1. Between the stretch 231-268 and the stretch 293-354, what is the separation of their alpha carbon centroids in Å?
2. At R0 = 45 Å, how high is the FRET efficiency between E2 and F56 if r is their beta carbon distance? Nearest 0.05 is fine.
3. If you put +1 on each Lys and Arg Cβ and -1 on each Asp and Glu Cβ, how big is the dipole of the stretch 67-200 around its Cα centre, in Debye rounded to 20?
4. Using θ = phi - 60° and the Karplus curve 6.51 cos²θ - 1.76 cosθ + 1.60, what whole-Hz ³J(HN,Hα) does each residue of the stretch 54-70 get, with Gly and Pro shown as x?
5. Which angle between 0 and 90 degrees, to the nearest 10, do you get for helix 137-149 versus the longest principal axis of the chain when only C-alpha atoms count?
6. Amide H of A359: which non-local residues (sequence gap of 5 or more, or other chain) have their own amide H closer than 5 Å, using H built in the peptide plane?
7. Looking at the stretch 109-180 from every direction and averaging, what is the projected area of its Cα convex hull in nm²?
8. Loop sites only, by DSSP: take the GluC sites (Glu not before Pro) in the chain that have at most 16 other C-beta atoms within 10 Å and name the longest stretch containing none of them.
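The values are calculated or read from the model by the stated rules, or taken from the named source; none is laboratory data. All of these numbers come straight from a predicted model, not from anything done at the bench. Every residue, glycine among them, receives a Cβ derived from its backbone with ideal geometry; neighbour counts consider all protein chains shown. With ligands, DNA and RNA removed, areas are computed over all heavy atoms of the protein, side chains included. Shrake-Rupley method; radii C 1.70, N 1.55, O 1.52, S 1.80 Å.
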Amino acid sequence: MERTMYFLDPKDMPTHWYNIQADLPEPLPPLRHPGTKEPTRLPPPLFPEALNEQEFSQERWIEIPEEVQEIYRTWRPTVLHRAYRLEKALDTPAKIFYKYEGTSQAGSHKPNTAVAQAYYNKKEGVKRLTTETGAGQWGSALSMGCMFFGLELKVYMVKISYNQKPYRRILMETWGAKCVPSPSQDTEVGRRILAEDPECTGSLGIAISEAVEDALTRDDTKYSLGSVLNHVLLHQTIVGEETRKQMEMADAYPDIIVGCIGGGSNFAGQFLPWIRDKISGAKPDMRIICVEPTAAPSITKGPYAWDYGDVAGLAPIALMYTLGHTFVPPPIHAGGLRYHGMAPIICHLHKLGLVEARAEHQLATFKAGVTFARTEGIISAPEPCHNIKVAIDEALRCREAGESKTILIAHSGHGHFDLAAYDEYLSGRLQDYEYPEEKVKEALAFLPEVPNA
Ligand SMILES: Cc1ncc(COP(=O)(O)O)c(C=O)c1O
């Protein structure tokens, strides 16, 4: 009998997150303060101290608090699947595995950090959090995290997704959060942007500015970010640590790992626990491929430059591949991939030549998503359809070369709230967006000057 699923017993769930900072060949460039432009920690009024410590920690292993483990165990460990049906349909000798994060209550990987962040805020006496959300995955995950720890939450949701995906808002409200479309009339930044462009469809950068401004103006409130920052990537490493154990059960080791990157958290959570073998020289040929949309291709097209994390310039400045913090990407359905920058850890590893990057068009990714649905049965969120497309390309390359490589897909979530996008694809109404070169050029003119960098 072919074994298609690898289960890990809850007692074998990893008890520590893995911190790549302990093993980087060169240290990460420090964040810069948005005002002074000097090296900085995360702005203390915005984040609890425990997360600030994790952001810069050099400890290799960080213990997952028991209270967080207890909630993780309501859906973890997640299953590692062998995609036999996809392999057969592609007639490839490649072995394809996928680690599926769509079985969390919120439907994606995002609760791995949402629960941890809600816990640390609660522990430090915070009453209320604010955040941004793109596709609504992060907003719903944090709503669930805040529900578990009794915190209030206000979510600024990118307007295009708010309109395309009303069910995510209802999910957030059911868990007890408040959700508004961004840009909104509730903040200075939102009002300014709406005055300039009443039709603005929003972006993650704008929504971050609104959530940050809201948190800065209230004493009982802190801000929570669902991707990009080091501590967020750290919390996601539970995914890769579980996968290592499960791949061992399958007597397999990945030659290629593929994941989609919006701010970088789900894929980093999968590949950081593996890349230490590449850094140590044990697995020098392992390939790690990040996949982004052609409409917002920060790593494949953007310069490696200092830039703000948000539109208004309230968030710290990071050295990253960026399309410019004022860039508003075209309204592709993969809302979670519409971000101008990228996690500094991923950018650093790409700069060091340890990870590759590719950009894919929307139509090709939905075609891959439908192939996956018609073989494995799972309807994927538009974001992981990007790396499923690349996994299929790699498997077909194996067929041509007659090579039996092992491909591991980081599968970040289901697409049950994205069916309108599938409907557009299936009825031939979905379109591609070319790389918006002129708009990026305009946005890059606003990169901050960082002295002595
Ligand atoms: C299902 C899913 N995958 C991927 C992403 C991209 O974010 P990240 O790169 O931080 O994993 C998102 C973001 O909303 C998402 O909802």
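1. Going from one Cα centre to the other spans 21 Å.
2. My answer for the efficiency is 0.50.
3. Rounded to the nearest 20 debye, it is 440 debye.
4. With coefficients 6.51, -1.76 and 1.60, one gets 5, 4, 10, 4, 10, 5, 5, 10, 10, 5, 7, x, 4, 4, 6, 4, 4 Hz.
5. It works out to around 80 degrees.
6. Counting only residues 5 or more places away or on other chains, the set is E292.
7. 3.9 nm²
8. Segment 200-402 is the longest.
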